[in-house]
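Everything below concerns the one structure shown next.
What follows is calculated from the coordinates using simple rules that are stated; it is not laboratory data. What you see is a predicted model; the values in this text were computed from it and never measured. Glycine also receives a Cβ, built like all others from the backbone with ideal geometry; neighbour counts cover every protein chain displayed.
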Amino acid sequence: MRSILIFLYNLKGGLFKRIIPSILRKNFFNSKIQIIDLKFFKIKLNLRNSIDREIYLKGFYEKKQLNYLYKISKNVNIDTFLDVGSYIGYYSLFFKNIKRVHAFEPNKDNFKTLQFNNKINKSKIIAHNIACSDKSEKSKIWYTDSNKMGGSSIYDENDFELSKYEKNDLKFESVNLKKLDDIIKIKNQNLLIKIDVERHEINVLKGAYNLLTNNKIILQVEVHKDLESKVFKFLKNNKFYFINSIGPDHYFKNYS
């Protein structure tokens with residue numbers, strides 16, 4: 001069934017490209033939960049979620065970003081990969097052969113799927129059910145659609161995205177905030193870091209100050225356009241230099 005849906009999805013004209021995702025979301029033909037075998041790993045998907053449907057139909061997610069991150073890191077002896085905002089572990093699984101992989105995902109359902117994906121691939125990803133920030137305390141994440149949990153955010157009353165929604169439409173989940181510096185204590189290593197935390201990236205970076213200044217870093221960070229200047233300034237002040245952008249994802253290094 002998947003091969004037929006993929007064939008129709010890729011037909012010229014674009015009609016099925018709009019229809020097929022809707023068919024999957026409404027669960028007309030398939031179970032909403034699917035385990036598929038990609039080129040590098042297996043992954044459990046919930047077809048009610050938009051990111052999962054994209055992976056199911058295309059066989060990949062953020063292909064340009066992943067290919068570029070692999071390209072700039074493949075000739076470096078990376079000691080540790082930190083996947084901050086890992087969702088169900090797509091990036092972590094792609095880089096699972098790095099010596100140490102830490103995946104951070106605050107949402108409980110996403111985290112359970114991350115653990116399951118870790119298990120079926122017999123990988124050694126170290127999974128953390130926390131939200132990375134610049135402080136250690138109790139907090140909450142918010143979202144409006146339980147089928148788009150890849151976009152849940154740390155609640156901040158000053159978050160400009162909140163103005164787009166009615167307060168009664170918001171859903172909340174309790175989470176623990178922790179600094180990366182309080183969890184990962186390493187020096188003089190080669191680190192690969194990916195950050196995708198829905199407008200909380202400056203907080204994650206501030207909470208990882210020791211990691212960022214005591215190791216050689218290749219960094220991919222997704223940044224909302226309204227927050228770019230703040231993130232770029234912080235990284236520049238901490239001796240990172242910009243190397244590329246792919247959409248909202250920006251790439252930096254702190255060594256030549």
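The table that follows gives values for the structure above.
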read-out: Segment K135-E161, length gained on full extension (0.36 nm per residue, minus Cα span); value: 7.2 nm
read-out: Spherically averaged projected area of the stretch 162-227 from its Cα convex hull (nm²); value: 5.7
read-out: Rg to Rh, two decimals, where the stretch 47-102 supplies the alpha carbon set and Rh follows Kirkwood; value: 1.00
read-out: Pairs from K99/K179; K112/K206; K17/K39; K185/K253; K32/K135 whose Cα-Cα separation, in the structure shown, is over 31 Å; value: K32/K135
read-out: Sparse-neighbourhood loop sites, trypsin sites (Lys or Arg not before Pro) in the stretch 98-143 - DSSP loop, at most 12 other Cβ within 10 angstrom; value: K99, K122, K124, K135
read-out: Unsatisfied cross-links (Cα-Cα over 21 Å) in the set K140/K236; K140/K178; K108/K140; K71/K230; value: K140/K236; K71/K230
read-out: Spin-label pair S50/D169, simplified geometry with 7 Å Cα→Cβ offset, distance in nm; value: 1.3
read-out: Charge tally in the Cβ shell below 12 Å around R48, where Lys, Arg are +1 and Asp, Glu are -1, R48 excluded; value: +2
read-out: For the chain: span of alpha carbons on each principal axis (Å, largest first); value: 52, 46, 35
read-out: Size descriptor, Kirkwood hydrodynamic radius, that averages inverse alpha-carbon separations across the stretch 2-58, Å; value: 11.5
read-out: On Cα atoms only, tilt of 228-237 relative to the major axis of the chain in degrees; value: 40
read-out: Between 0 and 90°, nearest 10: helix 108-120 axis offset from the chain longest Cα axis; value: 80
read-out: Surrounding net charge for N75, when Lys and Arg each add one and Asp and Glu each subtract one, Cβ distance under 15 Å; value: +3
read-out: Neighbour count of at most 14 Cβ within 10 Å plus DSSP loop: longest GluC sites (Glu not before Pro)-free window in the chain; value: 1-156
